[in-house]
Amino acid sequence: MTAAPELVVPADLPWYRPVGHECTLFEQAYRSNLPLLLKGPTGCGKSRLVEHMAARLGRPLVTVSCHDETSAVDLLGRYLVRGDETVWQDGPVTRAVREGAILYLDEVAEARPDVIVVLHPLTDHRRRLFVERHDEVIDAAPGFGLVVSFNPGYQRGLKELKPSTRQRFVAMHFDYPSAEVEVEVVMGETAIDAGTAKRLVALAGKMRCLRELGLSEVPSTRLLVDAARLIAAGVPPRLACQAAVVEPLTDDRDVAKGLADLVALVF
Ligand code: ADP
């Protein structure tokens, strides 16, 4: 994504710094009833974009963080025993479809395969949810929108989305932003000065290039924001980077030492 378009955003929205055309594309896809797939590494702003856009579009947001135990039952709902009664309780997907909310399934590829089956009729012209256990077919209320995210390449492709599923979505690729934009993000999120924000971003830039360290994930914008918060709170920069950047990335003491050396070079 290139040029950052002008955006007029009311002050009370969750803050999001656009990197390219993602806000416009999000809005147009939503208004055209097209489901959205946000692809990109962890901590690069996907969830923040969804929070920002849901508020801007004036829709409630239902977020589900999917993991390998997430099943269709968790999402659709279940019968619960209350005293001597059995009552049906909607799951988050059912609630979002009934309320016309924006439904955000974060890391959808992590969920069990039956979740994808449930989503299919919601992604096409039917915009319909089949809740078998409750013997119910629900047409999505006006305003409903579906957004999913996934992290391509995570765990070397073990959890991928099938091409036939991917083709049901309008997709956008995300990555960590340019250094200039990332400095703005770190400063926008924290009370840190420009010099320190630039150093944090430079540190991340160095770590992101070091393939030989064998990190399964490189430092995200989120980690930089966390480190900046610690520094703004008075924690010395090296210690803040150790706690917020180095330790979350690795348990290997040799790799941690290598990363700490980089921190010492920058701070
Ligand atoms: P993801 O959903 O991609 O894992 P998040 O949206 O949770 O990542 O982003 C992690 C953090 O990084 C956010 O809480 C926010 O502080 C910061 N962030 C990243 N990109 C942006 C951006 N473009 N605008 C504002 N904040 C951002």
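No lab work stands behind these numbers, since they all come straight from the coordinates. Since this is a predicted model, take the numbers as computed values, not measurements. Cβ coordinates were reconstructed from backbone atoms using ideal geometry, including for glycine residues, and neighbour counts include every protein chain displayed.
Comparison of Val147, Val97, Val73, Val118 shows that the only residue that is in contact (Cβ under 8 Å) with a residue 60 or more places away in the chain and crowded, with 20+ Cβ neighbours inside 10 Å is Val147.
Given the options Asp124, Asp139, name the one that is out of contact with any strand residue (DSSP E or B) (no Cβ under 7 Å at 6 or more places or on another chain) and more than 30 Å from Tyr176 (Cβ to Cβ).
Asp124 is the lone residue from the list that is out of contact with any strand residue (DSSP E or B) (no Cβ under 7 Å at 6 or more places or on another chain) and more than 30 Å from Tyr176 (Cβ to Cβ).
When residues in segment 100-155 are screened for being part of a loop (DSSP other than H, G, I, E, B), closer than 30 Å to Gly214 by Cα and not charged (D, E, K, R), 4 of them pass.
Yes/no matrix, rows are residues, columns are (1) farther than 17 Å from Gly43 by Cβ; (2) surrounded by 21 or more Cβ atoms within 10 Å (Cβ to Cβ); (3) among the polar types (S, T, N, Q):
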| site | (1), (2), (3) |
| --- | --- |
| Gly214 | yes, no, no |
| Ile231 | yes, yes, no |
| Val246 | no, yes, no |
| Val255 | yes, no, no |
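A count restricted to segment 177-204 and to residues that are more than 12 Å from Ala227 (Cα to Cα), more than 8 Å from the ligand (Cβ to nearest atom) and either among the aliphatic types (A, V, I, L, M) or in contact with a Cys (Cβ under 8 Å, 6 or more places away or on another chain) (or both) stands at 4.
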